[in-house]
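Participant: Here it is: the structure, laid out below.
What follows draws every value from the coordinates through simple rules; no lab data is involved. For clarity, every value in this text was computed on a predicted model and none was experimentally measured. Cβ: placed from backbone, ideal geometry, glycine included. Neighbour counts: every protein chain shown.
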Amino acid sequence: TQLLEQSPQFLSIQEGENLTVYCNSSSVFSSLQWYRQEPGEGPVLLVTVVTGGEVKKLKRLTFQFGDARKDSSLHITAAQTGDTGLYLCAGDRGNTGKLIFGQGTTLQVKP
Amino acid sequence: SAVISQKPSRDICQRGTSLTIQCQVDSQVTMMFWYRQQPGQSLTLIATANQGSEATYESGFVIDKFPISRPNLTFSTLTVSNMSPEDSSIYLCSVEGPGVGNTIYFGEGSWLTVV
């Protein structure tokens with residue numbers, strides 16, 4: 001059983017389109033983090049959300065933490081080819097620093 | 001953010017051999033973890049590297065296969081023992097760094113291929 005369900009797992013869109021990636025769980029998380037990973041490299045932190053209902057923006061990326069701290073979303077506006085990569089959500093259930101990862105979303109943005 | 005260096009960055013290993021991966025952080029950190037990422041998969045936590053005591057392993061991972069050392073607050077090693085092709089993965093070191101909550105940063109990973 002996957003504790004953190006991430007969807008979609010694959011997404012191929014045209015440059016300029018918008019997209020949303022979802023992470024859902026039945027568990028409550030003390031924090032949730034989003035990463036982007038390029039092939040052959042380690043995950044790079046995009047954002048950490050800790051408060052239910054929290055919304056954070058990073059340029060064209062908008063991150064939301066659900067009110068109950070069980071789910072999160074990543075919305076990209078006007079995607080660019082440079083956004084191509086693997087997006088990972090990861091939750092910490094008890095301020096332990098130990099992360100549970102979603103399955104990942106492979107995003108391809110075509111010119 | 002914390003700067004995390006891993007060595008080797010990649011290696012090709014013969015089955016039955018063991019390889020030790022090093023992780024060096026540019027500042028003292030309390031929490032240090034090791035993850036595995038199998039080809040095409042997401043990340044799975046192997047263990048928490050505890051300074052001055054034995055590592056704490058997650059379900060499915062054992063000390064005999066993945067011995068871990070943590071001699072101080074800036075350094076840790078993970079050994080992958082008696083390797084088989086199924087051990088071909090990226091092994092990642094991570095630490096808690098500055099930021100809200102328990103913000104976790106990752107090294108660039110060590111990509112092992114077992115032949």
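Participant: What does DSSP give for the stretch B:11-114 in terms of the percent of beta bridges that are antiparallel, rounded to the nearest 5?
Facilitator: Antiparallel: roughly 90 percent of the beta bridges in the stretch B:11-114.
Participant: Then there's this: Most mobile of B:I46, B:I21, B:I63 per a Gaussian network model of chain B (Cα springs, under 10 Å)?
Facilitator: Of the options given, B:I63 has the highest mean-square fluctuation.
Participant: Next up: Over the stretch B:46-115, what number does the Rg to Rh ratio reach, with both radii from the alpha-carbon atoms and Rh per Kirkwood?
Facilitator: Expressed as Rg/Rh, it is 0.98.
Participant: Select from A:K59, A:K98, A:K70 the residue whose mean-square fluctuation is largest in a Gaussian network model of chain A (Cα-Cα springs shorter than 10 Å).
Facilitator: Looking only at A:K59, A:K98, A:K70, the biggest GNM fluctuation is shown by A:K59.
Participant: In whole angstrom, how far apart do the alpha carbon centroids of the stretch A:16-49 and the stretch B:1-48 sit?
Facilitator: Cα centroid of the stretch A:16-49 versus Cα centroid of the stretch B:1-48: 20 Å apart.
Participant: Going toward the positive end of the dipole of the protein assembly as shown, with +1 on Lys and Arg Cβ and -1 on Asp and Glu Cβ, which of B:Y57, B:Y35, A:V47 do you reach last?
Facilitator: The one lying farthest along the dipole's positive direction is A:V47.
Participant: Given 4 °C and 1.567 mPa s, how large is the Stokes-Einstein diffusion coefficient of the stretch A:5-110 in µm²/s, with Rh as the Kirkwood radius over Cα pairs?
Facilitator: 95 µm²/s
Participant: Starting from the Cα of A:K98, draw a straight line to each of the lysines and keep only those under 23 Å, dropping any in the same chain fewer than 8 residues away.
Facilitator: List returned: A:K56, A:K70, B:K7, B:K65.
Participant: Using the Cβ atoms and a cut-off under 12 Å, what net charge is assigned to the surroundings of A:L58, where Lys and Arg are +1 and Asp and Glu are -1?
Facilitator: +4
Participant: List the lysines whose Cα sits under 25 Å from the Cα of A:K110, skipping any in the same chain fewer than 8 residues away.
Facilitator: Cross-link targets: A:K57, A:K59.
Participant: For A:D67, A:D83, A:D92, B:D64, what ranking results if the residue with the fewest other Cβ atoms within 10 Å of its Cβ goes first?
Facilitator: B:D64, A:D67, A:D83, A:D92
Participant: Roughly how many debye, to the nearest 20, is the charge dipole of chain B about its Cα centre, given +1 on each Lys and Arg Cβ, -1 on each Asp and Glu Cβ, and no other charges?
Facilitator: Dipole of chain B, to the nearest 20 debye: 140 debye.
Participant: Now, a different point. In what sequence do A:L107, B:L92 fall when counting other Cβ within 10 Å, fewest first?
Facilitator: Lowest count first: A:L107, B:L92.
Participant: Which whole number gives the average count of other chain Cβ atoms within 10 Å of the Cβ atoms across peptide A:34-41?
Facilitator: 3
Participant: Once amide H atoms are built 1.01 Å from N in the peptide plane, which residues 5 or more positions from A:V47, or in another chain, come under 5 Å H to H?
Facilitator: Amide H neighbours of A:V47: A:W34.
Participant: For the protein assembly as shown, what is the convex hull volume of the alpha-carbon atoms per residue, in Å³?
Facilitator: Hull volume over Cα atoms, normalised by residue count, gives 117 Å³.
Participant: Additional query: Given a Förster distance of 30 Å, report the FRET efficiency between B:D64 and A:N95 from their Cβ-Cβ distance, rounded to the nearest 0.05.
Facilitator: Once rounded, the FRET efficiency stands at 0.50.
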